[in-house]
Each structure stands twice: as C-alpha cells, then as structure tokens.
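Here is the structure we will look at.
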Amino acid sequence: MKVAVMGAGSIGGYFGGMLARGGHNVTLIARGKNLAAIHREGLIMQTEAGRFTVPCSATDRPSEVGPVDLALLTTKTYHNADAVPAMAPMIGPDTAVLCLQNGIDSYLPLVEAFPDATALPGAAYIEAGRGGPGVVTQAGDIVRIVTGSIRGSDPSHQERAKAICAAFREAGVPAEAEDDIAVTLWTKFLFITTMAGTTSLAREYLRDLLPRPEWHRIIVGCMTEIEAAGRASGVDLSPTIVADTLNYMESAKGAMSASMHADQLAGRPMELEALNGAVVRAGDSAGVPTPINAVIYAALKPYAEGAG
C-alpha cells in the first residue's frame, strides 16, 4: 500500500514505521528537527522487540505525496483545523483515512472534508513516546489498533477496514475491525477522559487521587456521567464498564499517566475539547447532565491553549 502519516510523532511514527518495515510505501509528514533527522538517518525505532532503523520517506509538503491508499491522522486533536485541510492533496476517492486520535468525534472533520473517501474511526492502544528527533520509543506489551466503519456507512467501508487491519497484522501490529466501533471508542474514551480530566484538574497523578475518598467519588462520578452520555447517544456499553475501568485503574498501581496532564504541567496545549469538552457536548445533545465534566471543562478551559 501507499501510505501517508499526518503527524509523525510517537503514535504516528510507530505505526507508520511498522508499516514501512513490513514493506509498504510509507511517507511521514513531519517538520523541523524531526524531519531533518529522518532524512539523515531514517526513522529509529526503540521497541520492546529491539532497536532498528526504518528507511522512510518524509516531507513537510503533503502536495509532494499525492493520493495514497491509506492515510493515518495521528496529530493531537487541537491541530485538526490545520492538519485535516493539509491532507487534501493525499486524499483521493479510493483513499481510506484512519483516525487514531483520542476522542469520540475526532474523526468527524475527516468525514466533512473528504466525503468521497473512506473515513474510519479508530482506537490505538500503545505506550509510545519520542526519544529525540527521528526516534520513536515503545514500551510494554500492549500494542493494538481497533477500527471499523461508521454506523450506517457504505458496507464496503467495513471490508476496507478489515483489509487495513490485515495489513497491520502482517506488519506485526495486532489489529481488528469491529462491527460497532462506537462501543470501542466510548469504552476507551471513558477511561482516558476520566484520567486526563481529574489529574489535570487536581494537578496530581491518578495513583495519588484514587486512595482519597473525596477524589474517588469524583473519579467514579466522572465515569458514570460518561457512561450515561454514551448510553443516551445510542452506544451499547457494557453494564459493568465503570466497575471494570475502576478495577483497571486501581490494579495499575501508579503505572499510568495522562498525556493531557503532562501537557498541562509543561504549559503545552491540551486536548480538552476532544475529551471532557466532548462529554459536555454529548450530554447536552442527549439531554444528560454532566456536572462533574462541566466543572473540569470550565476550570481547565483557560489553560487549554497552553502557556503562551
């Protein structure tokens, strides 16, 4: 496949690098020192399977790439206003566009911008980071992509999702296409949004908050609101989703951190609109009150664009 990755950071770099290592024609859309390093040395991947270098094409000009078979959108959601229009030269009527961003509605700008393409929501499960310009790191034994067609879309979109997942699996990345991707998106969303919102509001880590009764109630309440908003939006979530997610949080024993919390502490922009802001919007649309998420959203909004 001819593949382009819009956002060659940690997640985009890893999945794009794995596809390139698997023999696909991959171009990374990068910039600055990251782009220069990839041009100079290739993409360096430090993973649980070892350290290796992948020769990848890279550019900061999507117009040089032309239409591709598969485009991955892996930028932070607050870059979508610029990133999605910039993808236009790479998107043709036969292109599948896979959104691997946080959130339940982050893929919608792709649907609006490229109505003739196959827009696929997706969820990425991975602990990845940047080890410097041109270096992607991956830790832990959880690496997985889940995608699937949008409810009510052309049936061919689900077949396309299955073919893309097969390509990922052949490249060494576990991937599966689900018939109801909304359940997957909301299940991950409930966990990520609760962890990100509460730790950013408290400016502390989840391991510090969970043992405190007052914060334990807020964490459970935040998840319960998201569950209610999801069900009212027509998503068939597991009846034990809150208990299961809480058990997962408590069993992790401090091994988890939220990127939004890290961005806040560093004075960087935050994905507030795609996370707690999306809960408030979904609740308003479905007629479900979300007071805890509304407070988190209101309190953090002045800092959403970063420190300067």
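Descriptive notes on the structure:
- When region 1-21 is filtered for residues that are touching a strand residue (DSSP E or B) at 6+ places or on another chain (Cβ under 6 Å) and either assigned to a helix (DSSP H, G or I) or aromatic (Phe, Trp, Tyr) (or both), the ones remaining, listed by number, are 10, 11, 12, 13, 14, 16, 17, 19, 20, 21.
- Residue in region 195-218 that is of a type in the set (Asp, Glu), assigned to a helix (DSSP H, G or I) and closer than 30 Å to residue 19 by Cβ present: no
- Scope region 235-249; condition touching a residue at least 40 places away in the same chain (Cβ under 8 Å) and farther than 17 Å from residue 210 by Cα; matching residues: 235, 236, 237, 238, 241
- Per the listing 228, 161, the residue uniquely in the same structural domain as residue 105 (by TED's automatic domain parsing), in a helix (DSSP H, G or I) and surrounded by 15 or more Cβ atoms within 10 Å (Cβ to Cβ) is 161.
- Where a residue in region 90-114 is free of Cβ contacts under 8 Å to residues at least 40 places away in the same chain and its partner, wherever it lies, is of a type in the set (Phe, Trp, Tyr) and crowded, with 22+ Cβ neighbours inside 10 Å, with Cβ under 7 Å and at least six apart: 99/107
- Here is the figure for region 282-308: residues that are assigned to a helix (DSSP H, G or I), surrounded by 17 or more Cβ atoms within 10 Å (Cβ to Cβ) and out of contact with any Cys (no Cβ under 8 Å at 6 or more places or on another chain) total 5.
- Residue 57 meets all of the listed conditions (1) under 26 Å from residue 166 (Cβ atoms); (2) hydroxyl-bearing (Ser, Thr, Tyr); (3) touching a Gly at 6+ places or on another chain (Cβ under 7 Å) but one, namely (3).
- Filtering region 231-272 to residues that are assigned to a helix (DSSP H, G or I) and under 24 Å from residue 304 (Cα atoms) leaves 259, 260, 261, 262, 263, 264, 265, 266.
- Of all the numbered requirements in (1) more than 16 Å from residue 106 (Cβ to Cβ); (2) touching a residue at least 24 places away in the same chain (Cβ under 8 Å); (3) more than 16 Å from the chain's Cα centre (by Cα), residue 294 misses one, and that requirement is (2).
- Residue selected from region 214-225 under the condition surrounded by 13 or more Cβ atoms within 10 Å (Cβ to Cβ) and free of Cβ contacts under 8 Å to residues at least 24 places away in the same chain, by the criterion farthest from residue 130 (Cα to Cα): 224
- Residue check for residue 173: among the hydrophobic types (A, V, I, L, M, F, W, C), part of a loop (DSSP other than H, G, I, E, B) and more than 30 Å from residue 305 (Cβ to Cβ): yes
Conditions tested, residue by residue: (1) of a type in the set (Phe, Trp, Tyr); (2) surrounded by 15 or more Cβ atoms within 10 Å (Cβ to Cβ); (3) in the same structural domain as residue 75 (by TED's automatic domain parsing); (4) more than 21 Å from residue 104 (Cα to Cα).
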residue: 195; (1), (2), (3), (4): no, yes, no, no
residue: 208; (1), (2), (3), (4): no, no, no, yes
residue: 243; (1), (2), (3), (4): no, no, no, no
residue: 247; (1), (2), (3), (4): no, no, no, yes
residue: 251; (1), (2), (3), (4): no, no, no, yes
residue: 265; (1), (2), (3), (4): no, no, no, yes
residue: 270; (1), (2), (3), (4): no, yes, no, no
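- Every condition in (1) more than 30 Å from residue 44 (Cβ to Cβ); (2) in contact (Cβ under 8 Å) with a residue 24 or more places away in the chain; (3) not in a helix (DSSP H, G or I) is met by residue 139 except one, and the failing one is (1).
The values are calculated or read from the model by the stated rules, or taken from the named source; none is laboratory data. Every value quoted in this text rests on a predicted model; they were computed, and no experiment measured them. All Cβ positions, even for glycine, are placed from backbone atoms using ideal geometry, and neighbour counts span all protein chains on display.
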